[in-house]
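Down below is the structure, laid out as structure tokens.
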Amino acid sequence: MKITAQQAELLDAIGLGGEKTQTGSRPKEFPKLTPGQSALDVLKPGSEHHSYVLNYLLEQIKMSEDAMSKFYPRWQIAERKMQAYLHLPNYEQMLKDMNDSSKPPAPAIIMFPYKYAVVSTIVTYGMNVFCGKDPYFNLSADGKEAADVVRYMEAMLQRHNEKTKAIARIWQLLLDGEIYGCGIVRCAWKSKTGKKTVVRPPTEVERLAAGGQQLPSMLRAAEERVLWAGNDLCNIDPFMFFPDPNVPMAEVSERGEFVYWREFVGKHILLTEQKAGRLRYVDTVQPAQGNNHDSKWWNLSHRSVLSGGDAHAGDNLRKNHFGQNNTYMFDQGSVEIIPAELGLGPETYPVKWLFGILNKTQIVQAQELNLNHGKHPIEVSEPYTLGYSFGAPALGDYIGPVQDILSWFIDSHIYNVRAALNNQWVFDPSKIDEKSLKYPQPGKHIRLKPLAYGTDVREAIQQLPVQDVTRNHMSDLNVFTRIGDMVSAVNDTTRGSHPTGGRRTAAENRMVNESAFGRMGSHMKLISQQAITVIAEQMVSNIQQFQDQDMWVKVIGEEAFTKVGPQLLSQDFTFPVHDGTLPLDRVQLFDHWKEILFGMAKSQTLQMTHSFPRIFEFVAQLGGAANISSFRLVPEAAMDQMAKAGAAIPLPEAPGNVPTAPGGNGGR
């Protein structure tokens, strides 16, 4: 039964009405959580408590949706320009109409893909900076004890990077930052269980069940085990990202009150998560039970207009048959709440929780995050940030007009050339057959009418002179290309092509390269500070908090794999910002180490303090000899023992030189 406003005020006056908040009517008393109960035990479907908490979360999502949706038109234009896409009319019908009327087909319009070339160059440079070496993440020590295990933690991070395909995540992070002005990565700890084939001796139960039959000494069996437990990196589509609009996006991980991300998932995935105990109440929500306005969140992106596919796999299915293919809208978010105010715990101070909402109708996940790094598990990069605003421009906002001008130069020149090729004629219609003159194909024959037989043809038809007014457009193209290059810091050197403009000295080339790589390096420094170091920091914290088993890793400088346990890695590390420069390529690195090896071969002091055989093998492997250790005659440790026992003597200081005896003349 509905009550009037006066009745509601009367109930409030006598203490029977609920507390009025932005989320609606607050329950007079929250259910008490007993020991062993979780938050989902009290957030039951249809309960007043659930409705209150749900509305509290939906208001945050709505506030972020309103702020983020302002960027969508600009992002859609950026996606179309990235693909050099133009909306094409119905050319089949147009060609048919032109053929019927004997008109030539209209010239095709070209969109010059300048933005694609620039963005691809910047992303390629960033990939070489961050992923062009092994390991990807470099750490520093925060104390002497940590200095001894830095390389082991770096090797552990690299193992996680290879397992989670981090190189693809970093590539998408860089690409999104250039197209949309923001790139987002989520870092979480993920455990994957499944069947694993093992070979083991038969158990006593299996021997008794065999009834006296002889069993093999080893049996092959499938056991349920943890297949992998480690960091999991996942990119978030900017169209599906809803951070706290009260702080800049790049700072939401540390300063934001909340951050949500959205995806459309199948019911089979949700039921799998529910079976693992991470979700609940999935069966209470139907695919078609979402709010009517949910459909506006599909097909927002235009990233697939060129390919003709879906911006997100299954978008068209959701749009046309929502409710028939078991697809759900799943909003997940890290939210800083005061549990006592929402009836979810006794804490009266802010605590980060993880919530999951299906179709904006049911909370299916609610638990405390309890992450040691104390941040939202989100890393955001805004490479073109202005520092204080919510939302930053992207590269396309600066070079988009340049691409439009370049496209116009090309199209206008092509149109003018076609006009010259098609010719312009002045003719006497009483002497010239007009239909044969309009024949659109090359090599046409112009027929004369009987009245013109035997007369001078030049008196019946004359071609007008055509001047190419767009002759300089192609040279102007280079001028505007250089303007775009100045804005984007991309030039012929960074593209990998030989610069034009005449010969240059080595000093001039070095200055040009350093200037170009200097701006690009500064660009990558900012991305490193905003996202890359934060990814490394959260991954290290997750390893120290959740890893409970030893793992074999390959450490640079070690011959064999090393077993690394949690206790060894429980040190304090720092995360230096990358300097943004390109790492040495393999050929340059090989040349440097070759010089080091030659210098060491001539120095007895270095041979006494460093392992010459190991450095030799490292240089050989760097040069491509992966199996150099198989040619070793005597292991190095055995050689050292032989030298101590007097069974071997050290090599001379340099090949061909014999140690000089006291008072001698060099062995002559």
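The table below gives the values:
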| item | result |
| --- | --- |
| Links that overshoot a 22 Å alpha carbon limit, given the list Lys165/Lys267; Lys192/Lys360; Lys267/Lys360; Lys62/Lys352; Lys70/Lys190; Lys165/Lys190 | Lys165/Lys267; Lys192/Lys360; Lys70/Lys190 |
| Listed peptides 528-541, 467-480, 385-398, 238-251 by packing density, highest first (mean Cβ within 10 Å) | 528-541, 238-251, 385-398, 467-480 |
| Spatial separation of Cα centroids for region 146-189 and region 218-239, in angstrom | 17 Å |
| Most to least accessible of Tyr114, Tyr453 (protein chains only, probe 1.4 Å) | Tyr453, Tyr114 |
| Global form of region 138-196, assessed from the alpha-carbon gyration tensor, a/c cut-off 1.5 | oblate |
| Exposure of His49 as accessible area (Å², to 10), given a probe of 1.4 Å and all protein chains | 10 Å² |
| Accessible surface of region 343-495, 1.4 Å probe, proportion on carbon and sulfur as whole % | 56 percent |
| Ala221 paired with Lys438, simple spin-label distance in nm, labels 7 Å along Cα-to-beta-carbon | 8.8 nm |
| Whole-number accessible area per residue in Å² for region 125-248, which is evaluated in the context of all protein chains at 1.4 Å | 49 Å² |
| Percent accessible area from carbon and sulfur atoms, region 194-287, protein chains only, probe 1.4 Å | 52 percent |
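The values are calculated or read from the model by the stated rules, or taken from the named source; none is laboratory data. This one's a predicted model, so the numbers in the text were calculated from it and none came from an experiment. Every residue, glycine among them, receives a Cβ derived from its backbone with ideal geometry; neighbour counts consider all protein chains shown. What goes into the accessible areas is simple: the full protein's heavy atoms, side chains included, and nothing from ligands, DNA or RNA. Shrake-Rupley method; radii C 1.70, N 1.55, O 1.52, S 1.80 Å.
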